[in-house]
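See structure below.
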Amino acid sequence: MYIPKYDGNIHPDEWINDIHNYYRKENIEENEYLHYAIPLVDPIIKLPSRINSFEKLCSALKDDISFTVFKNTNLRKLRLLKYVPEREGGETSKFISNFRKLCYNAEINDIEKQNKYLLLSLPNDYFITEFLWRNKNIKTMNELIKEFEEIVMDDSNLIRNGSIVALKHVSTRKYLSSINNSFYKTGSKSQLVFANNLLDSNALWKITFASCKELASYTENYISLLHKNSNIFLGVNENNISPFINRKLADCLGYLKSNDVIYLSINQVYLRSHDFHFTIGFDTFQEVACHSEIQYNYNYEWCIELIK
């Protein structure tokens, strides 16, 4: 372990702690630590002539203008610090380490100030809204970081514009599916939609928004489901209650995330399935249909699963 000179670019407390650890490892007598430490202070930092304890050494280092510059430098870095989500190439653990280190170096020990600077680093409305809602009773840095980490975890499960999802029917545990160029033989004669046991490429749907927003809100957004294999939107035929199109999300607060249970509807017509099967050729399929009156039971509930 190498102990550098103290030149004002490390917190005095940290440097003195490193001094103790180093000399302890080298089996140097504790009463000699100070004797070896004082010459390691850069000559540009003027020390009082009589320093007989590490407490006085630390106090002298903090009284020097270099420490004021050091603290202010770290404070400015703290104000400029921005969190980059992992999906955009950021690393949460490095961000948290940097945030805590900057608070330590700038001697930001008050939890309200730590709260404020973490808030300033947040990247979007979702993080800010969640953070303000969760941080009211936070009393320690550990609690602050714990709440932030939970927000990061929730963010990784949010459904976004362009997300690839699967929709599992709650009652029968089968996935909303379609097959490219496979059509109903009667009625709408549109592309077949059904519920299937397999989570395969036929069960993958791309989320698209009519608005320019990134996240799906339960209260504001209309979204569409684009079948990934066939590039056809889920829709409701004008004369036949079968597949679907743009639908409004269930009436509740917050943002749509993976494993939420939702209702799918357009113009008061609701997507449902049940354990009823129909046959096309030699193949049997579980029916998916639309109904104008929702009964708020498991037949109308779909669990959205984030795939990508």
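The values are calculated or read from the model by the stated rules, or taken from the named source; none is laboratory data. Note that the structure is predicted; figures quoted are calculated from it, not measured. For neighbour counting, all protein chains shown are included, and Cβ atoms are generated from backbone atoms with ideal geometry for every residue, glycine included.
Going through segment 1-19 one residue at a time, which ones are out of contact with any Asp or Glu (no Cβ under 8 Å at 6 or more places or on another chain) and over 17 Å from ALA60 (Cα atoms)?
TYR2, PRO4, ASP18
Within segment 215-228, does at least one residue satisfy the condition of being farther than 24 Å from TRP133 by Cβ, at pLDDT 75 or above, of a type in the set (Lys, Arg) and surrounded by fewer than 16 Cβ atoms within 10 Å (Cβ to Cβ)?
Checked segment 215-228: no residue is farther than 24 Å from TRP133 by Cβ, at pLDDT 75 or above, of a type in the set (Lys, Arg) and surrounded by fewer than 16 Cβ atoms within 10 Å (Cβ to Cβ).
Any residue at all in segment 33-44 that is without any contact (Cβ under 8 Å) to a residue 12 or more places away in the chain, loosely packed, with under 14 Cβ neighbours inside 10 Å, out of contact with any Ser or Thr (no Cβ under 8 Å at 6 or more places or on another chain) and not in a loop (DSSP other than H, G, I, E, B)?
yes
In segment 269-283, is there at least one residue being assigned to a loop (DSSP other than H, G, I, E, B), surrounded by fewer than 18 Cβ atoms within 10 Å (Cβ to Cβ) and under 37 Å from the mean Cα position of the chain (by Cα)?
No, because not a single residue in segment 269-283 is assigned to a loop (DSSP other than H, G, I, E, B), surrounded by fewer than 18 Cβ atoms within 10 Å (Cβ to Cβ) and under 37 Å from the mean Cα position of the chain (by Cα).
Restricting the search to segment 70-100, which residues are part of a helix (DSSP H, G or I), outside the structural domain of ILE145 (by TED's automatic domain parsing), within 16 Å of ASN115 (Cβ to Cβ) and not aliphatic (A, V, I, L, M)?
ARG79
Give me the residue from segment 125-145 that is at pLDDT below 90 and assigned to a loop (DSSP other than H, G, I, E, B) and, out of that set, nearest to ARG160 (Cα to Cα).
ASN135
Being at pLDDT below 80 and closer than 30 Å to GLU130 by Cβ, is that true of even one residue in segment 196-209?
Taking every residue of segment 196-209 in turn, at least one turns out to be at pLDDT below 80 and closer than 30 Å to GLU130 by Cβ.
Condition check: in contact (Cβ under 8 Å) with a residue 60 or more places away in the chain, of a type outside the set (Ser, Thr, Tyr) and out of contact with any Leu (no Cβ under 7 Å at 6 or more places or on another chain). Does GLU86 satisfy that?
It is true that GLU86 is in contact (Cβ under 8 Å) with a residue 60 or more places away in the chain, of a type outside the set (Ser, Thr, Tyr) and out of contact with any Leu (no Cβ under 7 Å at 6 or more places or on another chain).
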